[in-house]
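The values are calculated or read from the model by the stated rules, or taken from the named source; none is laboratory data. Note that the structure is predicted; figures quoted are calculated from it, not measured. With ideal geometry, Cβ positions are generated from the backbone for all residues, glycine too; neighbour counts draw on all protein chains shown. Note: areas computed on protein heavy atoms with side chains; ligands, DNA, RNA excluded. Shrake-Rupley method; radii C 1.70, N 1.55, O 1.52, S 1.80 Å.
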Amino acid sequence: MTSERSDKKVSIKALIKGLTMLGVLALSVYLVRYAGLSDALDTKWIDDHVTSRGMTGVMLYIGIAAFFSAIGFPRQLICFMGGYAYGFALGALLGTIGTGLGCAFAFTYARLVGRSFIQSKFGARIQKVDDFLSRSPFNMALTIRFFPLGSNVITNLLAGVTSIPAIPFILGSTIGYLPQNIVFALFGSGVNVSSTMQMVMAVILFVLSTLLGFKIYQKYRNQAEAVVE
């Protein structure tokens, strides 16, 4: 019973966190337009330096997304900008590739370079992450990305110093990023075309994806507990 209550609190916290981020983005856009600063939303800079450069621009965006994702910049904002610049579908795809690479960079850094520092800083939390992920690295990584728990970059770093294999964790994380990346890219593309309906759809999809992630998380957690028992 206590575990169920704790899960519900985490679910509500995840919903509030994501909806707050969407709300702040929507409010920012509204205030900029209301203040007559709509030129600040123009994509001219992106068109000149990224979009108009074709594949070079695509690689530039992916590189920027990977770098900032690896150091802890919210991946939701990265995909919001991807949707704003490239439209919904391509923005979501490129944002997911970039954030997946960011996950790989942080994981690899922790495993090859920062192991002693991370172990000294996070201590017992590493063992908890190892216990959770080691049961099925791909499925567990997928689960915690569908239903985000804690900090993305800290999860990547902690996973890097555990015993789990890299490829299942990184692949599971990248696929698990996709639902929320789609939501924020859709939201960003709605801003670009001034579509309130697209932004409303993004909010609805965010709520549905978070609830789905919560159900998947409960399923795997219950299975893990049954094995232990």
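Against the condition closer than 24 Å to residue 16 by Cβ, without any contact (Cβ under 8 Å) to a residue 40 or more places away in the chain and crowded, with 16+ Cβ neighbours inside 10 Å, how does residue 155 come out, does it pass? So residue 155 passes the test. Looking across the stretch 99-124 at every residue that is of a type in the set (A, V, I, L, M) and more than 23 Å from the chain's Cα centre (by Cα), the one that is most open to solvent (accessible area, probe 1.4 Å) is identified as 112. For the stretch 203-210, the criterion of being closer than 24 Å to residue 91 by Cβ, modelled with pLDDT under 90 and more than 16 Å from the chain's Cα centre (by Cα) is satisfied by at least one residue. Against the list (1) surrounded by 13 or more Cβ atoms within 10 Å (Cβ to Cβ); (2) hydroxyl-bearing (Ser, Thr, Tyr); (3) at pLDDT 80 or above, the condition residue 163 fails is (1).
Yes/no per residue for (1) modelled with pLDDT of 95 or more; (2) open to solvent by less than 10 Å² (accessible area, probe 1.4 Å); (3) over 15 Å from the mean Cα position of the chain (by Cα); (4) not hydrophobic (A, V, I, L, M, F, W, C):
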position	(1), (2), (3), (4)
177	no, yes, no, yes
182	no, no, no, no
193	no, no, yes, no
201	no, no, yes, no
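Those helices (runs of 4 or more DSSP H) of the stretch 11-112 in which 2 or more residues are modelled with pLDDT of 80 or more occupy 55-70, 75-86, 88-112.
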